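In what follows, a structure is listed as structure tokens, so that the remarks can point back to it.
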Amino acid sequence: MILENTSAIVTGGASGLGEATARLLSKEGASVVVVDRSAEKADAVATDIGGRAVPADVTDEEEVGQAVRTALELGPLRSLVNCAGIGWAQRTVGRDGSPHGLDTFQKVIAVNLVGTFNCIRLAAAAMASNDPDEQGERGAIVNTASVAAIDGQIGQAAYSASKGGVVGMTLPIARDLAAIGIRVSTIAPGLIDTPLFDSLPEEAKTALGTSVLFPQRLGQPSEYAELAVFLLTHPYMNAEVVRMDGGIRMPPK
Ligand SMILES: NC(=O)c1ccc[n+]([C@@H]2O[C@H](COP(=O)([O-])OP(=O)(O)OC[C@H]3O[C@@H](n4cnc5c(N)ncnc54)[C@H](O)[C@@H]3O)[C@@H](O)[C@H]2O)c1
């Protein structure tokens, strides 16, 4: 797929993996809509890359609909990268005997899983009216899961369930959207150095890096962005979940 003269939506595009992807997509010639619940940061990134910011919660039908309409003003919407996500760590039953909050479990599922699906369904419906390219393709979608979808650690029930849902829906959605010429892939990142790790001192980050098989360091957001753009543009990548983790396999804690 050619990115030039097309539009792209990146959710969570104001920070970390989404920001790196928005920047690379723009460098590759796409007009990027930066969708994020943080309006100010989304604006800063969009201004920097000559794109448009749409402050939106990915779980909100109307706000994501507005993001899709904005993308269509910039060009045919051919790419969606879902990076918006939240974390949560709590044991199913805590050391003090209290059960995991149901509201927090539901919130993580709502943002990471339901929000991802909300963006996919609305963007794909818009992509369906694109002219097919010479391969018959109308668009491509990349989602973000996590190695926690497979190697969930202690305290990750909600997060792993949400990311496991993203992994699980990749194939059926790719099958649904094949009829309209849209490919769907999912990246399962390992430990990537985003603002998520900002609270950690440099030595702690280095120590965490040594738990990676090779190379023994945290991954870079730019490495995620390169893979996302590869999956969007490679015509034969479809229905796949790709771990991008330096070979790490997470232990129980
Ligand atoms: N960094 C890692 O090591 C790592 C590893 C595996 C998976 N991931 C996943 O990658 C994705 C991006 O993570 P990151 O490290 O770049 O984090 P980040 O916190 O830097 O960026 C996430 C962005 O999503 C936005 N966001 C959160 N909830 C939203 C909502 N409801 N609607 C719209 N925007 C919302 C935030 O405002 C933020 O800008 C997440 O889904 C995360 O679970 C990250």
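None of the figures in this text is laboratory data; all of them are computed from the coordinates on show. This structure is a prediction, so every number in the text was calculated from the model and none was measured. Neighbour counts run over all protein chains shown; Cβ positions are idealised from the backbone, glycine included.
Assorted remarks:
- In segment 176-230, the residues that are within 19 Å of Leu24 (Cβ to Cβ) and in a loop (DSSP other than H, G, I, E, B): Asp193, Thr194, Leu218, Gln220
- There is no residue in segment 63-75 that is of a type in the set (A, V, I, L, M), within 13 Å of the ligand (Cβ to nearest atom) and farther than 26 Å from Asp131 by Cα.
- Condition met for Ala149 (within 23 Å of Trp88 (Cα to Cα) and away from the ligand (no atom under 11 Å from the Cβ)): no
- Within the set Leu177, Leu171, the sole residue that is away from the ligand (no atom under 16 Å from the Cβ) and surrounded by 21 or more Cβ atoms within 10 Å (Cβ to Cβ) turns out to be Leu177.
- Sole residue being aliphatic (A, V, I, L, M) and touching a Ser or Thr at 6+ places or on another chain (Cβ under 6 Å), chosen from Leu232, Leu227, Leu208: Leu232
- In the set (1) touching a helix residue (DSSP H, G or I) at 6+ places or on another chain (Cβ under 7 Å); (2) farther than 30 Å from Glu4 by Cβ, Ile187 fails one condition alone, (2).
- Tallying residues that are more than 15 Å from Val64 (Cα to Cα), within 16 Å of the ligand (Cβ to nearest atom) and touching a Ser or Thr at 6+ places or on another chain (Cβ under 7 Å) within segment 16-38 yields 5.
- Residue within segment 206-216 that is in contact (Cβ under 8 Å) with a residue 60 or more places away in the chain and either farther than 21 Å from Asn112 by Cα or surrounded by fewer than 15 Cβ atoms within 10 Å (Cβ to Cβ) (or both) present: no
- Taking the criterion of being within 16 Å of the ligand (Cβ to nearest atom) and assigned to a loop (DSSP other than H, G, I, E, B), the residues of segment 89-113 that qualify are Ala89, Gln90.
- Filter result for Ala20 (buried (at least 22 other Cβ atoms within 10 Å of the Cβ) and part of a helix (DSSP H, G or I)): yes
- Of the residues making up segment 39-56, one or more are assigned to a helix (DSSP H, G or I), closer than 24 Å to Arg121 by Cβ and either more than 10 Å from the ligand (Cβ to nearest atom) or touching a residue at least 40 places away in the same chain (Cβ under 8 Å) (or both).
- Residue ID - surrounded by the fewest Cβ atoms within 10 Å (Cβ to Cβ), chosen from residues in segment 181-205 that are of a type in the set (S, T, N, Q) and more than 19 Å from Ala140 (Cα to Cα): Ser199
- Conditions (1) buried (at least 16 other Cβ atoms within 10 Å of the Cβ); (2) assigned to a loop (DSSP other than H, G, I, E, B): number failed by Gly136: (1)
- Boolean, Arg78 is more than 13 Å from the ligand (Cβ to nearest atom) and either buried (at least 24 other Cβ atoms within 10 Å of the Cβ) or within 30 Å of Gln153 (Cβ to Cβ) (or both): yes
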